Amino acid sequence: MSKLRDVEFDGVVRSDYIKESDGKLTIKQTQDVDPILKKNKELINLNNGYSKSRDLKRVASIPNICLTIWAKEYNGTNNWFGIPDVERKKILKKKLNSNEYRYFRTAEGKI
């Protein structure tokens, strides 16, 4: 396997590799989520998440790599936006209300 390139966008470093034996392209993605989790912890302890007008509420900050993984789990591709909007909302609600992903939350409460 030989490396083609590294691409960084919004904290996601994507390394492209090509598998030499059969010519298939393998894409590997990594992201350091520690800065996002640290900021989320600060935000959840800051206030209740509502804007001054209380029209909007900050809820979560999810690392891009997690959305890619969730898309792969749901529809077998890495395209989060390829999932219909109604289904994306259901997935987010279920995951963000679970204890497993509580560190993505930036304000208390249920979605």
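The values are calculated or read from the model by the stated rules, or taken from the named source; none is laboratory data. All values reported here derive from a predicted model rather than from experimental measurement. Note that we place each Cβ from the backbone using ideal geometry, even for glycine, and neighbour counts take in every protein chain shown.
Out of curiosity, is Lys95 in a helix (DSSP H, G or I), charged (D, E, K, R) and modelled with pLDDT of 85 or more? Taking the combined requirement at face value, the residue satisfies it.
Checking the structure you have, find out if any residue of the range 45-57 is out of contact with any strand residue (DSSP E or B) (no Cβ under 8 Å at 6 or more places or on another chain), in a helix (DSSP H, G or I) and at pLDDT below 95. So far as the range 45-57 goes, yes, one or more of its residues are out of contact with any strand residue (DSSP E or B) (no Cβ under 8 Å at 6 or more places or on another chain), in a helix (DSSP H, G or I) and at pLDDT below 95. Do we find that Lys95 is surrounded by 11 or more Cβ atoms within 10 Å (Cβ to Cβ), of a type in the set (D, E, K, R), within 12 Å of the chain's Cα centre (by Cα) and more than 19 Å from Asp6 (Cα to Cα) in this structure? In short, yes.
The one condition from (1) in contact with a Lys or Arg (Cβ under 8 Å, 6 or more places away or on another chain); (2) touching a residue at least 24 places away in the same chain (Cβ under 8 Å) that Asn97 does not meet is (2). Of the candidates Asn40, Asn48, the single residue that is more than 12 Å from the chain's Cα centre (by Cα) and buried (at least 16 other Cβ atoms within 10 Å of the Cβ) is Asn40. Just the residues that are surrounded by 15 or more Cβ atoms within 10 Å (Cβ to Cβ) and closer than 22 Å to Val7 by Cα, please, taken from the range 62-82. Across the range 62-82, the qualifying residues are Ile62, Pro63, Asn64, Ile65, Cys66, Leu67, Thr68, Trp70, Ala71, Asn78, Trp80. Figure legend. Inter-residue proximity from the range 66-82: first residues modelled with pLDDT of 90 or more and of a type in the set (Gly, Ala, Ser), second residues part of a loop (DSSP other than H, G, I, E, B) and surrounded by 15 or more Cβ atoms within 10 Å (Cβ to Cβ), beta-carbon distance below 9 Å, spacing 6+ or different chains. Indicated pairs: Ala71/Asn78; Ala71/Ile83. For the range 1-25, the candidate set comprises residues that are at pLDDT below 70 and of a type in the set (Val, Ile, Thr); within that set, the residue that is nearest to Ile62 (Cα to Cα) is Val12.
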